[in-house]
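Engineer: The structure is given below, and queries will be raised subsequently.
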Amino acid sequence: MTRSNRREAGRRRLAMRLPQMRTLIMKARDPWQLELFEAYQMAVEARDRLRRRRFNLKLVREYDETCVEIEQHVVRAMHERPSPNYCLIP
């Protein structure tokens, strides 16, 4: 999946997961917000791959926690501006 597709998939997934934030999520355009969407999609994909393989349930739980943490970051990010020191990771 390309980066832009991952971002949009993450955006849509978060909009469904956080209905109270749906409008803000769908309107978000700042690069730092888009990075959160991409990170969320990547974490969900990794968690789901592990879950399908029944590989390591502890690792699945860790990815579940990571997904929840990203959701919390998204809620905050929809109401904040990035700090001037914010740096995008390539």
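Engineer: What full-extension length gain, to one decimal in nm, is calculated for ARG12 and LYS27 as 0.36 nm per residue of separation minus the Cα-Cα distance?
Structural biologist: Values: separation 15, 0.36 × 15 = 5.40 nm, distance 1.13 nm.
Result for the pair: 4.3 nm of gain on full extension.
Engineer: While we're looking at this one, here's another question. Among (1) 13.5, 42; (2) 23.4, 85; (3) 14.9, 50, find the value of Rg and Dmax of the Cα atoms in Å that was calculated from the structure presented, and write down its label.
Structural biologist: (1)
Engineer: To continue, here is another question. For the chain, what % of the accessible area comes from carbon and sulfur atoms, probe 1.4 Å?
Structural biologist: On the way: 3350 of 6280 Å².
Here it works out to 53 percent.
Engineer: To the nearest 10 degrees, how steep is helix 3-17 against the longest Cα principal axis of the chain, on a 0 to 90 scale?
Structural biologist: 90 degrees
Engineer: Pulled fully out, how much extra length does the chain show between HIS73 and ARG61, if you take 0.36 nm times their separation in residues and subtract their Cα-Cα distance? Intermediate values should be presented prior to the final figure.
Structural biologist: On the way: separation 12, 0.36 × 12 = 4.32 nm, distance 1.85 nm.
Going from the current span to full extension adds 2.5 nm.
Engineer: Give the longest segment of the chain that steers clear of trypsin sites (Lys or Arg not before Pro) in DSSP loops with at most 11 neighbouring Cβ atoms within 10 Å, not counting the sites themselves. Write down the numbers at each step before the final one.
Structural biologist: Numbers: sites that count: ARG29, ARG54.
With a cap of 11 other Cβ atoms within 10 Å, the longest stretch comes to 55-90.
The values are calculated or read from the model by the stated rules, or taken from the named source; none is laboratory data. Computed from a prediction, not measured in an experiment: that's the story for all the values here. Because the Cβ atoms are built from the backbone with ideal geometry, glycine has one as well, and the counts that use them run over all protein chains shown. The area values use the complete protein model at the heavy-atom level, side chains included, leaving out ligands, DNA and RNA. Shrake-Rupley method; radii C 1.70, N 1.55, O 1.52, S 1.80 Å.
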